[in-house]
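J.: Sharing a structure with you now.
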Amino acid sequence: MNIATIYVQRACLICGKFRDTGNHRRDHRGGAQAMSINRRQANLLKTLVSTTSYLPTATLAGELSCSERTVRNDVAAINAFLEQNGLAARTASKRGTGIQLNPSPAERERILGLVKERALALDPALDRFYRGILLLICDYNGDYTVESLARAILTNKQQAQEDIRAWNDMLYPYGARIERGHRLTVVGPEEHIRFFVTHSLFELAPTAMKRRVEPQLFGEDRQFLFDEIEAVERTLDCPFTDNARHELAIYLQVMTLRIRKGKSVPARATAIPPAFAAMLGRIEKHYGITLGSGEKAVVIELFSVAARRWTPDFQDTYTPDRESAHLADDLFRALADRYGARPASHLRKPLAMLFEAGITHRKLDRAIALPPEISWTVRFENMTLFMRLAQLMRDTPSLSSVDLYETDLTRIAMLLLDFMDGIAVSDTWRAGLVVNCGVEQVLFARDRIERFLPFIRIARVIPESEEAGGSTALDGLDFLISFDPIETALPVAVISSAITELDRRHINDTILTIAQHRAQGDRPVDDDLPARELPQMEGESLRDALRRALTKENLWAGTVEEFHKIFEMCSFTCGSTLVLTYFSHEAGRTGSALFSIDAQIPFRRTRLTHAAVLAVSTSDERALGALSQTFRRKLATAGLAPAEL
């Protein structure tokens, strides 16, 4: 296949296929053009789908720099866009409250994917990236100068030079770069270069990849590759997800093109299972190439870690290995011992499968990335539940010995979030709601407080006259919430009847004040979170520099080995911020810290500028929910994490 002959044609703006544009567009005349949304509407959709709350129209108009009327028109366009894409979700409006979009979890992820793809599809730089990178890395029929590459991707020399600089920024985390000598050459570890192509093409815009690039990349080989992948699935009795199939097919094709270009991964000894030996032999015959031992080992490993599709038949036939089944049972028992409840029995097999996959990922040294919106939802929006689950796993000997990647721990948390959210935990604060109003205001207040502050339960609704009559009504309560100032023996959070963000913050701070008073210590999370430079010695890793700084501030009092484990399990990135949150016996005290850093995480394109840490001692478990809520708010206020993703 000669990739160069494919990409000299422009893409049709209607269907996205590479064709002779003038004649091809005439084929679309008379047909219905696909419904689309513009960049502002895509931003509005992303904002709406990232929260379950009603958002005031005026607030949305301010964020989008448009009128409220434009927002309402954009909402109509969004509903039409959702309908055409086969989604059931629609926006809802309430007078005086705002606009809401509350899709199912599955539809939420699909909508976020559509928004991401649409935003990228609007950028012509993406088309140049697809064409240029494939020509430089996969075209085995010739080499390119800046001038010849510019002609091939239908741009000028200056734009091509700017593109190459941008592509080098993307290649840098993979340890690769484009060198500009007499010819343009991509240099770096061969395996990393291939993964860059596979992951970047698929991650940037999956739909665009399938519709516009995949047909040209595969040519007549597409059916052969997918047939081979399906044959492995049948032999192993293990169905893969559609995304996993596509990524496997892309890697296999990129592998063959790189081998034809004279590039190969280093040889290494590996056992070839029969299921793969036959497939690898057919690939060699089909492409007329010879696969070395290193090439075969990488293919087998990629198939071993590919995401499996969960189906009823697979659930019935799948039998987890003994170690993974025991780990799932141990986690069930630990949850029952700690919280007096077990997850539903039907979760045992999926949990064992996740343990088995996680152990395989670690054994083969291949972490499988998660979309950033999933990490955000699990680790940031549900910070309290995730911290509690991580602490439980570290406190259970058999589970703490399993060295999982943070992405695999996140997958386990995804499976258990609903269960964790429903259990009665010891950090729930019992509040009394003091009222002098109608029933509708009482129910409205209780719903909003418990929904936005899930670590609070309105244990009792108290009329003002009853509260003034004696202390019996206050028995068993931690504090009171009132719409008016009152005289009482308990701490009181006075709020407005609208239950605004400011009111919720006041309730949260009241809990922190109570916790501080009971502990008779420092305020756990300061109102301000100033950034300080992270002292880092020459040659010292970010992880070790962070441990040293946290130890100095008594936010970490454990061993070096334990910190390495907790850093691996509990850290994640949000934009250019590294976030580390842990609820642990090794926390010398409860507190937070923010450091200015300059670091590059391998295989991550974003350079890190800050490290934010929340450490919670197990003695402060009751304040865990309030602490994490305050920490999230401080990061959002500082612009280090979005209020919503």
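The values are calculated or read from the model by the stated rules, or taken from the named source; none is laboratory data. All values reported here derive from a predicted model rather than from experimental measurement. All Cβ positions, even for glycine, are placed from backbone atoms using ideal geometry, and neighbour counts span all protein chains on display. Heads up: the accessible areas ignore ligands, DNA and RNA and are worked out on the full protein's heavy atoms, side chains in. Shrake-Rupley method; radii C 1.70, N 1.55, O 1.52, S 1.80 Å.
J.: Scan the range 495-512 for residues that are of a type in the set (S, T, N, Q) and either part of a loop (DSSP other than H, G, I, E, B) or over 33 Å from the mean Cα position of the chain (by Cα) (or both) and jot them down.
T.: 496, 497, 500
J.: Moving to a separate point now. Please list, ordered by first then second residue, the pairs with beta carbon atoms under 8 Å, 6 or more apart or interchain, first in the range 163-192 and free of Cβ contacts under 8 Å to residues at least 12 places away in the same chain, second part of a loop (DSSP other than H, G, I, E, B) and among the aliphatic types (A, V, I, L, M).
T.: Sorted first by the residue in the range 163-192, then by its partner, the pairs are 187/176.
J.: For the range 164-184, which positions are part of a helix (DSSP H, G or I) and at pLDDT below 90?
T.: Selection gives 165, 166, 167, 168, 169, 170, 171, 172, 173, 174.
J.: Follow-up question, since we're still on this one. Can you work out which of the residues in the range 628-643 that are in contact with a Ser or Thr (Cβ under 6 Å, 6 or more places away or on another chain) and part of a helix (DSSP H, G or I) is nearest to residue 576 (Cα to Cα)?
T.: So, considering only residues that are in contact with a Ser or Thr (Cβ under 6 Å, 6 or more places away or on another chain) and part of a helix (DSSP H, G or I), the one nearest to residue 576 (Cα to Cα) is 631.
J.: Another one. I need a count of the residues in the range 322-355 that are modelled with pLDDT under 90 and acidic (Asp, Glu).
T.: So the answer is 0.
J.: Continuing with this model, one more query. Could you give every pair whose Cβ atoms fall below 9 Å, whose first residue belongs to the range 94-112 and is farther than 16 Å from residue 60 by Cβ and of a type in the set (Asp, Glu), and whose second residue is open to solvent by 60 Å² or more (accessible area, probe 1.4 Å) and in a loop (DSSP other than H, G, I, E, B), counting only separations of at least 6 or pairs across chains?
T.: Between residues of the range 94-112 that are farther than 16 Å from residue 60 by Cβ and of a type in the set (Asp, Glu) and residues that are open to solvent by 60 Å² or more (accessible area, probe 1.4 Å) and in a loop (DSSP other than H, G, I, E, B), the close pairs are 107/88.
J.: State whether one or more residues within the range 20-43 are among the hydrophobic types (A, V, I, L, M, F, W, C), modelled with pLDDT under 80, within 30 Å of residue 286 (Cβ to Cβ) and surrounded by 12 or more Cβ atoms within 10 Å (Cβ to Cβ).
T.: No - not one qualifying residue is present in the range 20-43.
J.: Let me ask something else about it. Considering only residues of the range 332-388 that are among the charged types (D, E, K, R) and closer than 23 Å to residue 301 by Cβ, which is surrounded by the most Cβ atoms within 10 Å (Cβ to Cβ)?
T.: Of everything passing the filter in the range 332-388, 356 is surrounded by the most Cβ atoms within 10 Å (Cβ to Cβ).
J.: If we keep just the residues of the range 404-450 that are open to solvent by 80 Å² or more (accessible area, probe 1.4 Å) and under 28 Å from the mean Cα position of the chain (by Cα), which is farthest from residue 572 (Cα to Cα)?
T.: Looking at the filtered set, the residue picked out is 424.
J.: Are any residues in the range 139-156 of a type in the set (A, V, I, L, M, F, W, C), buried (at least 20 other Cβ atoms within 10 Å of the Cβ) and in contact (Cβ under 8 Å) with a residue 60 or more places away in the chain, and if so, which ones?
T.: Within the range 139-156, 152, 153 meet the criteria.
J.: Oh, and also: Scan the range 91-107 residue by residue and report those that are closer than 27 Å to residue 370 by Cα, open to solvent by 40 Å² or more (accessible area, probe 1.4 Å) and not polar (S, T, N, Q).
T.: Those that are closer than 27 Å to residue 370 by Cα, open to solvent by 40 Å² or more (accessible area, probe 1.4 Å) and not polar (S, T, N, Q): 105, 106.
J.: Quick one: in the range 475-494, which of the residues that are hydrophobic (A, V, I, L, M, F, W, C) and not in a loop (DSSP other than H, G, I, E, B) is surrounded by the fewest Cβ atoms within 10 Å (Cβ to Cβ)?
T.: Checking each candidate, the answer is 494.
J.: A further question on this structure: In this structure, is residue 590 over 26 Å from residue 377 (Cα atoms), in contact with a Gly (Cβ under 9 Å, 6 or more places away or on another chain) and hydroxyl-bearing (Ser, Thr, Tyr)?
T.: Taking the combined requirement at face value, the residue does not satisfy it.
J.: Moving on to the next point. For the range 250-328, which helices (runs of 4 or more DSSP H) that fit wholly inside it have 1 or more residues that are under 30 Å from residue 343 (Cα atoms) and open to solvent by less than 50 Å² (accessible area, probe 1.4 Å)?
T.: Helices (runs of 4 or more DSSP H) meeting the threshold: 293-305, 312-317.
J.: For the range 215-232, what are the residues that are crowded, with 17+ Cβ neighbours inside 10 Å and modelled with pLDDT under 90?
T.: Those that are crowded, with 17+ Cβ neighbours inside 10 Å and modelled with pLDDT under 90: 216, 217, 218.
J.: Still on this structure, I have one more. Answer with yes or no whether residue 162 is surrounded by fewer than 17 Cβ atoms within 10 Å (Cβ to Cβ) and farther than 28 Å from residue 193 by Cα.
T.: Spelling it out, it is not the case that residue 162 is surrounded by fewer than 17 Cβ atoms within 10 Å (Cβ to Cβ) and farther than 28 Å from residue 193 by Cα.
J.: Given the residues 212, 194, which is the only one that is modelled with pLDDT of 90 or more, crowded, with 20+ Cβ neighbours inside 10 Å, assigned to a helix (DSSP H, G or I) and basic (Lys, Arg)?
T.: 194
J.: Based on what the data block shows, is residue 247 touching a Pro at 6+ places or on another chain (Cβ under 9 Å) and assigned to a helix (DSSP H, G or I)?
T.: no
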